[in-house]
Amino acid sequence: MILLQLSSGQGPEECCAAVRKAIDLVMKEAKQFDTNVTIIEVIKSRYSQGYKSALLQIEGKVERAFSYQWTGVMMWQCQSQLRPKHRRKNWFFSGQVFEFSEQLFTDDVRYQTCRASGAGGQHVNTTDSAVQATHVETGITVRVETERSQHANKRLAKALLFKKLEELKETDLSQ
């Protein structure tokens, strides 16, 4: 499974808008390459025009080549929609790819199912579609209830758990 994270970092709101436009472009290009892109997690910016960060799951025949074209620091050129008289036209964001095999998680993760909360009518009250995944060694836990399918929520929980473990590794290496 391949995860692609696009982030505006500490950039201004225009960089967040660039991330959103990049996601639209990724979705459009994915159709051309017969690749599936699923948005797993989005952190919205203060304004409705952009995202601070987005995590995408990429699956398909050319998933590796497709995702690696979105790595590194990228520049988006456009006039600012938020500040029309602003002279700057170059807005930067970054992309990072995470690759992992699903077999890595078979023994290290404990899954629990539970009922989802929120809107959904009686369907929410009758099925255990939410999934809570706990990494046994570190104790890191994620809960996913965004999809109606338990299998889809389990796949998303696995991806989010992997992302958190990678972030934990990076902070341990930097210290």
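The values are calculated or read from the model by the stated rules, or taken from the named source; none is laboratory data. The structure presented is a predicted model; accordingly, all values stated were derived computationally and were not measured. Glycine also receives a Cβ, built like all others from the backbone with ideal geometry; neighbour counts cover every protein chain displayed.
Overview of values
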| item | result |
| --- | --- |
| The range 29-44 - residue that is closer than 17 Å to GLY95 by Cα and not hydrophobic (A, V, I, L, M, F, W, C) and, of those, modelled with the highest pLDDT | GLU29 |
| Which numbered condition LEU25 fails, given (1) in a helix (DSSP H, G or I); (2) buried (at least 16 other Cβ atoms within 10 Å of the Cβ) | (2) |
| Selection count, the range 65-100, where residues are under 16 Å from SER7 (Cβ atoms) and either surrounded by 12 or more Cβ atoms within 10 Å (Cβ to Cβ) or among the basic types (Lys, Arg) (or both) | 13 |
| Scan of the range 1-55 for residues that are in contact (Cβ under 8 Å) with a residue 24 or more places away in the chain and small (Gly, Ala, Ser), ordered by number | SER7, SER8, GLY9, GLY11, ALA17, ALA18, ALA22, ALA30, SER45, GLY50, SER53, ALA54 |
| Among (1) more than 16 Å from LEU3 (Cβ to Cβ); (2) modelled with pLDDT under 80, the one test that LEU104 misses | (1) |
| Residue list for the range 36-72, filter: in a strand (DSSP E or B), more than 11 Å from SER8 (Cβ to Cβ) and aliphatic (A, V, I, L, M) | VAL37, ILE39, ILE40, VAL42, LEU55, LEU56, ILE58 |
| Subset of the range 73-99 [without any contact (Cβ under 8 Å) to a residue 24 or more places away in the chain and not in a loop (DSSP other than H, G, I, E, B)] | VAL73, MET75, GLN77, ASN90 |
